[in-house]
């Protein structure tokens, strides 16, 4: 059966922005008609009609930084529940980081993740493999084998690569395979066991703080290594104004660097930690208002290329403990789009630019297909910008509930997610 998506504002950056009808057949985009479709086709018996009037129709959203926890930590999240959460959030593809057990440092684990995702039948999964064996920072993985198995990038996310020479060799090797290296930018010696941002609030709460330099020093190092090697470098979860400045300056020099931030860094500050709220504990930590504003500026001027969730599910036993002992991370797949739509509401980004940050640019960085051109896979998201709802973790598809946005009233939400012409979520 064919599918007709009728009357939506289709936004495909670099290709289309306007009211159009889309015909889908055999899992592909068969046609896009900008001036509306023949009514005779609309009433055909063999076509399913989806009314998208008043809604946005975009290429499927892509989250290039998630943690699906499987294998090894299925009590926090499974590939199936993570993919279903992704679909409910409007994501047609996600990229899980390698800090599982076992670590995704070999083709067998990469293939396992992809196979489990295919069986889940929700979002597509493109694994990010480890930079170093066991994420120990001592020896490189077999990058060619991992790429052949389906890895789209390399990262030791969750752990910084402290050995600068190893990071250099990683970039040189990844460059041969035309794959980016994703940097977890952190100096653990400066972090010094801290559990939140270093500043006035950490002092008031009596918690060990983590200074901005903990991140920005490593951002500067890895930019220097990218400049040396010419390799594609992607900076993960940018949280500080110093990092934004360093990335902006590097781009002006022509360094092959891209960067992402997450919704919590342009929405929340370390004020959210008051009362020792462990659902606001993450790494890097929430920063100050000056940092939050710098993140917004970096998104607006293109310094920050992508919005990613860093979806980090944890069970209550990981979070319901003293703040300094609680696990780092929050979930984000089911709140990322609604929270990010606030950027459009406030005029920081246009809807066109938001689609770039959440679909087009992640695809470009990772070498993935994305778009609504004829013949492409029908991976798309329909967004209702006027839908008002209250965040309730009780209704999450994720196994986890560790969100700082519980009880927030948000406006705008994905109401349909389609992967390969199959509806994997519909509200």
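All of the numbers you see were taken from the coordinates with simple rules; none came from a lab. None of these values were measured; they are calculated from a predicted model. Note that each Cβ is placed from the backbone with ideal geometry, even for glycine, and that neighbours are counted across all protein chains shown.
Rounded to whole Å, give me the distance from the Cα center of segment 246-277 to that of segment 81-97. Here the answer is 22 Å between Cα centres. Helix 336-345 and the longest principal axis of the C-alpha atoms of the chain enclose an angle of approximately 80°. Net length available on complete extension from residue 352 to residue 51 is 106.3 nm, with 0.36 nm assigned per residue and the Cα-Cα distance removed. Between residue 25 and residue 138, the FRET efficiency from the beta-carbon distance, with R0 = 56 Å, is close to 0.65.
In this rough spin-label picture, where each label sits 7 Å from Cα along the Cβ direction, the residue 169-residue 277 distance is 4.5 nm. Mean-square fluctuations from a GNM of the chain, with a 10 angstrom spring cutoff on Cα atoms, peak among 206, 139, 412 at 206. Relative to the longest principal axis of the C-alpha atoms of the chain, give the angle of the C-alpha long axis of helix 79-88, reported between 0 and 90° and rounded to the nearest 10°. So the helix axis and the longest Cα principal axis differ by about 60 degrees. Here the contact order of segment 321-427, divided by its residue count and restricted to Cα pairs under 8 Å and six or more residues apart, works out to 29 percent.
Subtracting the Cα-Cα distance of residue 320 and residue 253 from their residue separation scaled by 0.36 nm leaves 19.5 nm. In segment 99-216, Cα pairs under 8 Å separated by at least six residues give a relative contact order of 20 percent. The stretch between residue 300 and residue 373, if pulled fully straight at 0.36 nm per residue, gains 23.6 nm over its current Cα-Cα span. Give the shape of segment 76-195 as rounded, prolate or oblate, defined through the alpha-carbon gyration tensor: a ≥ b ≥ c are the square roots of its eigenvalues, a/c under 1.5 means rounded, and otherwise the shape is prolate if a/b is larger than b/c and oblate if not. Cα axes put segment 76-195 in the oblate bin. Over segment 61-366, Cα pairs under 8 Å with separation of 6+ residues give a relative contact order of 17 percent.
The modelled label-to-label distance between residue 17 and residue 213, using points 7 Å beyond Cα along the C-beta direction, is 4.2 nm. Within the chain, antiparallel bridges make up roughly 55 percent of the DSSP beta bridges whose residues both belong there.
Taking the convex hull of the alpha carbon positions in the chain and averaging its projected area over all directions gives 19.1 nm².
Each part reduced to its alpha carbon centroid, segment 169-187 and segment 343-378 end up 24 Å apart.
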